[in-house]
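The values are calculated or read from the model by the stated rules, or taken from the named source; none is laboratory data. Treat the numbers as computed from the prediction; the structure is a model and nothing was measured. Don't worry about glycine lacking a Cβ; one is built from the backbone with ideal geometry, like all the others, and counts go over all protein chains shown. Each accessible area value is taken on the protein alone, full model and side chains, heavy atoms only, with ligands, DNA and RNA left out. Shrake-Rupley method; radii C 1.70, N 1.55, O 1.52, S 1.80 Å.
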Amino acid sequence: MKSPFERRIAACQRRLADGNADLLVCFPSPNLTYLTGFEESPSERHLLLFVPKQGDPALVAPTMYEDQLAALPVPSLQLHPWNDADDPIEAVESVLEEYSIGRPNSESATVLVDDRLWATFTQDLRELLPDADFGLASTVLEPLRVRKDDVELEALRRAGAVADRVSLAIRERGDGLIGKTESELATEIERSLAAEGGEEPAFETIVAAGPNGARPHHHSGSRAITAGDPIVLDFGAFVPAALESGTGQYPGDQTRTIVVGEPPAEYERVHETVMEAQQAAVDAVEPGVTAGSIDRAARSVIEEAGYGDAFVHRTGHGVGLEVHEPPYIVAGNDRELEPGMVFSVEPGIYLEGEFGVRIEDLVVVTENGAERLNETPRGWETGIE
């Protein structure tokens, strides 16, 4: 049986052929992880994956990675190692020659490069292939990555469960949150995420108390939580995909806005409006509807309540190997939803100088609707057991 990575490479090659492209080139990025399971940070060294429209994929990589790469669950992957005393361009040239790309009298090739490929590597390819037409790998890989397979969905469900357990524990503390600074609580949340099985925070944990909650991407600071403060809590952790060999981490991303004690004036109305908006958006999710229509479902509820100007961001973003990726749930996006897409639904209302409210869950598009990946209470009350 083929590994998920072999199936992804085969799907990539089919799309290359369908689009009349000859070659796809990736370097350390989510695209490389998606196709091979290998994770590494970019560096000045040439580490490049080549996927031709026909034939075996090849990987040009420093010899220091040879053992790791040989263990990847892609048996067809041809390794072209080079050491620091070598000229890596020679390894790249040998791969291109094997694919008959760039040879004298060969037809001009169409090469799709990783959207984040560093300019220095792109320039190397341009010098080796002066007659090639260059495009972006996302034209082939985005339609594949946007629909999550079973391995990815299982990881995303586990990441959602990790966030849920931590969210419940925070809510149950009730009055015990009073006196904590935002930074202290953020640190505790990240420790709890790790204790519950998270590998690392998926993004900078947001704890925004009182008027700080009116900043959607507030950086947790020294403000102490006081009774009656609305507290925006936005957090999640990466969990690894359950694969025997190769890897890939998938994030949780959940937001709740809670209050310890009695909330300020207008808060309950604002919170109820955001809950209604989120529910309306989730209810609107099904295959064939557009991403923009999901944004409209949430935004119309908030506008009708008189808070339209206080909803200052899109309704959601796709989630996968990256915390932010397509599809983007934003006005004007006519992309139709498909089963297997995963994205956040996170409307918010932000009243400057007073407080903010955001409620966020991740959802999966199913054959006839949506599956929520978060199931913790969405109300504002704390101390609930």
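On the stretch given as the range 350-374, residues that are open to solvent by 10 Å² or more (accessible area, probe 1.4 Å), closer than 16 Å to Ala155 by Cα and touching a residue at least 24 places away in the same chain (Cβ under 8 Å) total 2. Of all residues in the range 285-314, those that are under 20 Å from the mean Cα position of the chain (by Cα) and of a type in the set (A, V, I, L, M, F, W, C) total 3. Hey, does the range 27-39 have a residue that's open to solvent by 30 Å² or more (accessible area, probe 1.4 Å) and either more than 24 Å from Gln249 (Cβ to Cβ) or polar (S, T, N, Q) (or both)? No: zero hits. Determine whether the range 202-216 contains at least one residue that is of a type in the set (A, V, I, L, M) and within 30 Å of Leu24 (Cα to Cα). Within the range 202-216, one or more residues are of a type in the set (A, V, I, L, M) and within 30 Å of Leu24 (Cα to Cα).
Checking Gly340, Gly318 one by one, the residue that is within 15 Å of the chain's Cα centre (by Cα), modelled with pLDDT of 95 or more and at positive phi is Gly340 and no other.
Does Gly379 qualify as being assigned to a loop (DSSP other than H, G, I, E, B) and buried (at least 21 other Cβ atoms within 10 Å of the Cβ)? No, not satisfied.
Within the range 47-71, the residues that satisfy the criterion of being over 13 Å from Tyr99 (Cα atoms), open to solvent by 20 Å² or more (accessible area, probe 1.4 Å) and not acidic (Asp, Glu) are Thr63, Met64, Tyr65, Gln68, Ala70, Ala71. Open to solvent by 20 Å² or more (accessible area, probe 1.4 Å) and without any contact (Cβ under 8 Å) to a residue 60 or more places away in the chain: is that true of Thr181 in this structure? Yes, satisfied. When residues of the range 325-349 are filtered for being open to solvent by less than 60 Å² (accessible area, probe 1.4 Å), acidic (Asp, Glu) and assigned to a strand (DSSP E or B), how many remain? Number of matching residues: 1. Here Pro211 meets each of (1) open to solvent by less than 40 Å² (accessible area, probe 1.4 Å); (2) more than 30 Å from Tyr99 (Cα to Cα); (3) out of contact with any Ser or Thr (no Cβ under 7 Å at 6 or more places or on another chain) with one exception, condition (1). Among the residues of the range 312-321, those that are open to solvent by 30 Å² or more (accessible area, probe 1.4 Å) and either among the β-branched types (Val, Ile, Thr) or in contact with a helix residue (DSSP H, G or I) (Cβ under 9 Å, 6 or more places away or on another chain) (or both) comprise Val312, Arg314. Within the range 147-178, being open to solvent by less than 10 Å² (accessible area, probe 1.4 Å) and charged (D, E, K, R) holds for Glu152, Arg171.
Note on the range 184-197: residues that are within 20 Å of Pro211 (Cα to Cα) and open to solvent by 50 Å² or more (accessible area, probe 1.4 Å) amount to 1.
Candidates are the residues of the range 184-215 that are in contact (Cβ under 8 Å) with a residue 24 or more places away in the chain and among the acidic types (Asp, Glu); the one that is nearest to Ala242 (Cα to Cα) is Glu199.
Contact annotation: residue pairs with Cβ atoms under 8 Å, 6 or more positions apart or on different chains, pairing a residue in the range 294-308 that is touching a residue at least 12 places away in the same chain (Cβ under 8 Å) with a partner that is open to solvent by 20 Å² or more (accessible area, probe 1.4 Å) and not in a helix (DSSP H, G or I), are Asp295/Arg314; Asp295/Val330; Asp295/Ala331; Asp295/Asn333; Arg296/Ala331; Arg299/Ala331.
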